[in-house]
């Protein structure tokens, strides 16, 4: 982390927000976080810190107890002040452009990734015009709705009503289905080396990025076949040159080496937000398991990100 850079972008996973909310409510078992909450608010107010929310926070809102969702949403909205972090899909489009240009020895002249913005539509990577179309309304109305939903009142409402929107059942089914499939795939590769498993996941990710790779290749006068024809070593180098893909590939590979821990339903969401947060935030506070893997992989040093598992330690970075 560059300690001279202000403001610092600080990402908290949902469990850490729940801990802060407990401190705010005066829970004795969360008393140790009261100073952190006070100092974090002070850093936010004087411009030393920005604490963005993400699509993951909104999607995971149904996990919180129903009687506490509104207060949790109010806290997230107040501390974020509408600042949000872009989803991986939005960031990777620009990252792929830059990496493909580098792959073929071209100078990248495009815009840099835009990891931070304002509002719910930014958090989901939905342009305002498309946001209007999804709502079936005019751009002006979509802008108004987005402004409302990104306000403390709006984000509080999203948290409070998320269970009624059917997100809880949908998210639970999606996570459970994914974890069952992934554990089967993981078991099939158990005898393989780490390098083989990393190439396997990189191949899956490359398929997911196929359209972005095609478009980026065409911009420098190449084809998708030219990209795939570079050989496995250079393709792995390409993935490493796409920051969010780099984080995703390494975390999935390391996670699968933990044979005493099966893939969990929440891993998909966790790795998705970490892929963006590790690359673009200055401080990330998340579960000890992920902190350990990020540090083991050297990703924290590569992207100059401070990884914390203990929320109380955040006080030292404010």
Just need a number here: residues in the stretch 230-245 that are in contact (Cβ under 8 Å) with a residue 60 or more places away in the chain, farther than 16 Å from residue 299 by Cβ and in a loop (DSSP other than H, G, I, E, B). 1
Looking at residue 221, is it touching a residue at least 24 places away in the same chain (Cβ under 8 Å) and surrounded by fewer than 21 Cβ atoms within 10 Å (Cβ to Cβ)? no
Count - residues of the stretch 24-63 that are buried (at least 21 other Cβ atoms within 10 Å of the Cβ) and farther than 24 Å from residue 278 by Cβ: 1
Test residue 312 against the criterion of being under 27 Å from residue 125 (Cα atoms) and in a helix (DSSP H, G or I), and give yes or no. no
List the number of the failed condition for residue 289; all other conditions in (1) touching a residue at least 40 places away in the same chain (Cβ under 8 Å); (2) part of a helix (DSSP H, G or I); (3) farther than 17 Å from residue 33 by Cα hold. (1)
Residue satisfying all of: in the stretch 96-119; closer than 21 Å to residue 222 by Cα and touching a helix residue (DSSP H, G or I) at 6+ places or on another chain (Cβ under 6 Å); surrounded by the fewest Cβ atoms within 10 Å (Cβ to Cβ) among these: 110
Checking the condition modelled with pLDDT under 90, in a loop (DSSP other than H, G, I, E, B) and either exposed (fewer than 14 other Cβ atoms within 10 Å of the Cβ) or under 14 Å from the mean Cα position of the chain (by Cα) (or both), which residue from 191, 263 passes? 191
Output the number of the condition that residue 248 fails; it satisfies all remaining conditions of (1) within 21 Å of residue 51 (Cβ to Cβ); (2) part of a helix (DSSP H, G or I); (3) touching a residue at least 40 places away in the same chain (Cβ under 8 Å). (1)
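Rundown of residues vs (1) farther than 15 Å from residue 77 by Cα; (2) at pLDDT 95 or above, yes/no style:
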residue	(1), (2)
6	yes, no
15	yes, no
18	no, no
28	yes, no
37	no, yes
40	no, yes
43	yes, yes
57	no, no
62	yes, no
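The values are calculated or read from the model by the stated rules, or taken from the named source; none is laboratory data. Because the structure is a prediction, the values reported are computed rather than measured. Ideal geometry is used to build each Cβ from the backbone, glycine not excepted, and the neighbour counts take in all protein chains shown.
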